[in-house]
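Where a number appears in this text, it was derived from the coordinates with a stated rule and is not lab data. What you see is a predicted model; the values in this text were computed from it and never measured. Every residue, glycine among them, receives a Cβ derived from its backbone with ideal geometry; neighbour counts consider all protein chains shown.
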């Protein structure tokens, strides 16, 4: 393949991944790396660098839309970003030292978890303020728009959430992904934040977390313009189209199919890593 | 615990900042990407083997310098840097938003996040 053909293929694949990622809420970035490495034979480090850049594009684009609707909580996001950015710097530094096979196996496991998370039933219970004194002190409790006016919610287990966010940031830096699934785990499950608030706030945080590892990737030469260009443009175009589609009944089927595809990629990734093929 | 109008204004400004950051960087990357393909489209290229990028594509100052001299890969890289700078600008703007609200705890929290981001982007991390 010459550069033009290669770029067109990469751009098309990225657009499809971005489209399905936005439609299913799984995020496009997470499937680009396995596709680039397993199908197109790209070195894992280049794939991780290009994906990280595209993650910033989709998360910022989506956050711009969400923030206006008033679901995302800037205070929670900013407080937890201390943990995710430190985690991302540590993770990106580890990534430059860890062997590709180890990274591939970790990647596969995170991918499996994300696939499972995307098809899981979401509970939507709301805690009242006073659940955690630290949340009151930092004024993290807030409201979100409901059908009959604002709904108030409280934030629980702030320290546990903060710790999990460090882990989410580290995975993001290590693998060049947004690790939205882990961020939602921390906010939704540990801190008891309503689902809509945790998904939109997580999206808001992904760009900042990714920017923290981007500097390290850049200085290590992981971000190569010829590859990052088609990936970033493809994912951005695909996810913008995907976000415009209405969430209907078909999406549930699509989400399941996409989940199975992601799980298959995850297993292939773990296998390739274990066999030392990457 | 209602959202005060000031908060809503901040959210709208942040939304616009993010949208414009993404659009401008995508525009730069698209234009320079086409230029790159016109110049190099027929050359065989794959990314099977990792060899770290040239030194001047690996630092903010190197990229800016190359982009000023209209070197094509540097302009693409500059577009990508604009994208990376978008969330950083958002954090910087939030510092001022919390200052206006006289919420000093959050001014410090946001400054800390900004410091971590700059530590990574300025290349200070190379010394560790």
* Tell me, Kirkwood radius of the protein assembly as shown from alpha-carbon pair distances, in Å? -> 21.0
* Rounded, prolate or oblate: which one fits the stretch B:1-71, using the alpha carbon gyration tensor with axes a ≥ b ≥ c (rounded when a/c is under 1.5, else prolate when a/b beats b/c, else oblate)? -> prolate
* Asked: Within 10 Å of each Cβ of B:103-109, how many other protein chain Cβ atoms are there on average?
  -> 3
* Cα centroid separation - the stretch A:152-166 against the stretch A:132-146, whole Å -> 11
* Calculated [θ] (222 nm, deg cm²/dmol) that DSSP helices of n ≥ 4 give over the protein assembly as shown, each run adding -39,500 (n - 2.57) -> -24000 deg cm²/dmol
* To do: Report the relative contact order of the stretch A:140-260, percent, no decimals, based on alpha-carbon pairs under 8 angstrom and at least 6 residues apart.
  => 19
* Asked: Taking the alpha-carbon centroid of each part, what is the distance from the stretch A:200-278 to the stretch B:67-83 in angstrom?
  -> 23
* Structure fact -> Taking a ≥ b ≥ c as the square roots of the Cα gyration tensor eigenvalues, with a/c under 1.5 meaning rounded and otherwise prolate when a/b beats b/c or oblate if not, the stretch A:74-141 comes out oblate
* Asked: For the stretch A:144-254, rounded, prolate or oblate, judged on the Cα gyration tensor with a ≥ b ≥ c (square roots of eigenvalues), a/c < 1.5 rounded, else prolate if a/b > b/c?
  -> oblate
* In peptide A:203-215, what is the residue-averaged number of other protein chain Cβ atoms found within 10 Å of each Cβ? -> 6
* Can you give me the relative contact order of chain A as a percent, contacts being Cα pairs under 8 Å and 6 or more apart? -> 39
